[in-house]
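Worksheet: the structure to be examined is printed underneath.
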Amino acid sequence: MTTVRIPAGWPATDDQARAVQDELRGKVVLDETGPPPGTGHVTGVDVAYDDERDVVAAAAVVLDAATLDVVAEATAIGRISFPYVPGLLAFREIPTVLAALDALPCDPGLVVCDGYGLAHPRRFGLASHLGVLTGLPTIGVAKNPFTFTYDEPDTPRGSATPLHAATASGTEEVGRALRTRAGVKPVFVSVGHRVSLDNACAHTLALTPAYRVPESTRRADALCRRALREAAG
DNA sequence: GCGACAG
DNA sequence: ATCTTGTCGC
């Protein structure tokens, strides 16, 4: 476990945070396919909070993409760096997540985030932000549709429909509602950095042989909760 | 102006 | 995210 400080110059207001997103958005790489599913490493990252005690715990769990076995894991503890504001989630999670990733003894490979990438009010969600800061290929797999709309995918696992964002001129496809378990609420996949949407969905399916949510984020979720307990609660 | 809104 | 008991089911 490592301890982190809030970076100097970290945004203090919503306006400052939005300005950072507008500035970094141009650095997102969208013309790469990303690593093939089932090869190399896939890393899940997640964060747990104790707002009362001002503690945040992050975890990064590296899986072998072929077997989904845990290869390595790391945690980090920090102070809460930003309140939860829809559209500004990254500023609350990133400092501690970066520290957890840095503490890993091996290459993370593809990073799977618990949230959105391109599917974001300014097209720069947590997965995009983390990708730009690390240079790693990233995708976002969220459990809720946020402000976006979608048609219900067909019942079978693997079925998908477009995730739409409302724009001034109409609608824009920002991701996909993907059924990872037959007849169960879909997850919402979007591109982060250096990965195509098709590949992001293929990875998500490879990571969900048994549960709706990717094995990577399930592992990271359990680990960061444990780290938070041991650090605070 | 009011409500909704990833985690 | 987090607060929280039991309960139905494999």
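The table below gives the values:
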read-out: Residues being out of contact with any Gly (no Cβ under 8 Å at 6 or more places or on another chain), closer than 23 Å to A:VAL47 by Cβ and among the aromatic types (Phe, Trp, Tyr) - total across the range A:139-195; value: 1
read-out: Selection status of A:PRO121, within 28 Å of A:ALA60 (Cα to Cα) and in a loop (DSSP other than H, G, I, E, B); value: yes
read-out: The one condition in (1) touching a helix residue (DSSP H, G or I) at 6+ places or on another chain (Cβ under 8 Å); (2) surrounded by fewer than 24 Cβ atoms within 10 Å (Cβ to Cβ); (3) acidic (Asp, Glu) that A:ASP102 fails to fulfil; value: (1)
read-out: Residues being on the phi < 0 side of the Ramachandran plot and either more than 10 Å from DNA strand C (Cβ to nearest atom) or more than 16 Å from the chain's Cα centre (by Cα) (or both) - total across the range A:35-48; value: 9
read-out: Enumeration of residues in the range A:195-222 that are more than 18 Å from A:ALA60 (Cβ to Cβ) and of a type in the set (Lys, Arg); value: A:ARG212
read-out: Residues that are at pLDDT 95 or above, more than 19 Å from the chain's Cα centre (by Cα) and among the charged types (D, E, K, R), drawn from the range A:1-21; value: A:ASP14, A:ASP15
read-out: Hey, A:ASP64 under 20 Å from A:SER128 (Cβ atoms), among the charged types (D, E, K, R) and out of contact with any helix residue (DSSP H, G or I) (no Cβ under 6 Å at 6 or more places or on another chain) or not; value: no
read-out: Members of the range A:200-233 that are within 11 Å of DNA strand C (Cβ to nearest atom), over 15 Å from the mean Cα position of the chain (by Cα) and charged (D, E, K, R); value: A:ARG225, A:ARG226, A:ARG229
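Here is a yes/no grid of residues against (1) within 12 Å of DNA strand B (Cβ to nearest atom); (2) over 20 Å from A:ARG218 (Cα atoms); (3) in contact with a Pro (Cβ under 9 Å, 6 or more places away or on another chain):
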position: A:GLY109; (1), (2), (3): no, no, yes
position: A:GLY115; (1), (2), (3): yes, no, no
position: A:ARG122; (1), (2), (3): yes, yes, no
position: A:THR134; (1), (2), (3): no, yes, yes
position: A:GLY140; (1), (2), (3): yes, no, no
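The values are calculated or read from the model by the stated rules, or taken from the named source; none is laboratory data. Nothing here was measured: the structure is a model prediction, and the numbers come from that model. Don't worry about glycine lacking a Cβ; one is built from the backbone with ideal geometry, like all the others, and counts go over all protein chains shown.
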